[in-house]
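Notes follow the structure.
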Amino acid sequence: MTVPKLTVRKFAVADAAFERSPGQDADIFAANMIDQRHGGPITIGFGRYGPDQRLDATIVVHDVMVILEGRLSVSGAGGTFTAGPGEIVYMPKGEHVTIRAHEQGAVTAYVTHPHWQEAEA
């Protein structure tokens, strides 16, 4: 398999092809923009949470989430944090978290290391 050469790129939410987050029935979607298929060491993409949706998960990679729209509350061993546009949430590998979208839902950008799809496989 030939891996494409990485080059400087930019992405917008409008470019995203959202798919239901694996293993979830909730209105929670992810759209990888760069991942293992591109040869880099990280995955970057966008997430979309419907209103009042909840995700319970043990984080399998180091995960950084930037809130672009709406609000999310994230609960873990360190407490519960509510984040809105322009704020960043870091979730370390191995942490059990609950992510809850508020009434307006949320749009996020994320960066994971290593690739979350490979770690969940």
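Taking each residue of the stretch 89-100 that is more than 16 Å from PHE46 (Cα to Cα) and looking for partners that are basic (Lys, Arg) with beta-carbon atoms closer than 9 Å, six or more apart or interchain, yields THR98/ARG54; ARG100/ARG54.
Tally time: how many residues in the stretch 14-56 are in a loop (DSSP other than H, G, I, E, B) and of a type outside the set (Asp, Glu)? Quick ask: steps written out before the conclusion?
Going through the stretch 14-56, the residues in a loop (DSSP other than H, G, I, E, B) turn out to be 16-18, 21-27, 35, 39-42, 50-53.
After this cut, where a residue has to be of a type outside the set (Asp, Glu) as well, the list is 16-18, 21-24, 26, 39-42, 50-51, 53.
Counting residues in the stretch 14-56 that are in a loop (DSSP other than H, G, I, E, B) and of a type outside the set (Asp, Glu) gives 15.
Among the residues of the stretch 86-96, is there at least one that is of a type in the set (Val, Ile, Thr) and touching a Lys or Arg at 6+ places or on another chain (Cβ under 7 Å)?
Residues of the stretch 86-96 that are of a type in the set (Val, Ile, Thr), as a first pass: 88-89.
With touching a Lys or Arg at 6+ places or on another chain (Cβ under 7 Å) added as a condition, the list becomes none.
No: the stretch 86-96 contains no residue that is of a type in the set (Val, Ile, Thr) and touching a Lys or Arg at 6+ places or on another chain (Cβ under 7 Å).
Contact map, the stretch 33-44: residues that are open to solvent by 20 Å² or more (accessible area, probe 1.4 Å) paired with residues that are charged (D, E, K, R), Cβ distance under 6 Å, separation 6+ or inter-chain. Pairs shown: GLN36/GLU118. Tallying residues that are part of a loop (DSSP other than H, G, I, E, B) and either surrounded by 15 or more Cβ atoms within 10 Å (Cβ to Cβ) or on the phi > 0 side of the Ramachandran plot (or both) within the stretch 80-121 yields 5.
Please work out if ARG20 is out of contact with any Cys (no Cβ under 8 Å at 6 or more places or on another chain) and surrounded by 12 or more Cβ atoms within 10 Å (Cβ to Cβ). Working first, answer last.
Values: out of contact with any Cys (no Cβ under 8 Å at 6 or more places or on another chain): yes; surrounded by 12 or more Cβ atoms within 10 Å (Cβ to Cβ): yes.
Here the answer is yes, as ARG20 does meet what is asked.
If the requirement is being over 19 Å from ARG9 (Cβ atoms) and not hydrophobic (A, V, I, L, M, F, W, C), which of these qualifies: GLY45, GLY84, GLY39? Can you show your working first?
Numbers: GLY45 fails: over 19 Å from ARG9 (Cβ atoms); GLY39 fails: over 19 Å from ARG9 (Cβ atoms).
Answer to the selection: GLY84.
The values are calculated or read from the model by the stated rules, or taken from the named source; none is laboratory data. Keep in mind it's a predicted model, so treat the numbers as computed, not measured. Here Cβ is always computed from backbone atoms with ideal geometry, including for glycine, and neighbour counts include all displayed protein chains. Note: areas computed on protein heavy atoms with side chains; ligands, DNA, RNA excluded. Shrake-Rupley method; radii C 1.70, N 1.55, O 1.52, S 1.80 Å.
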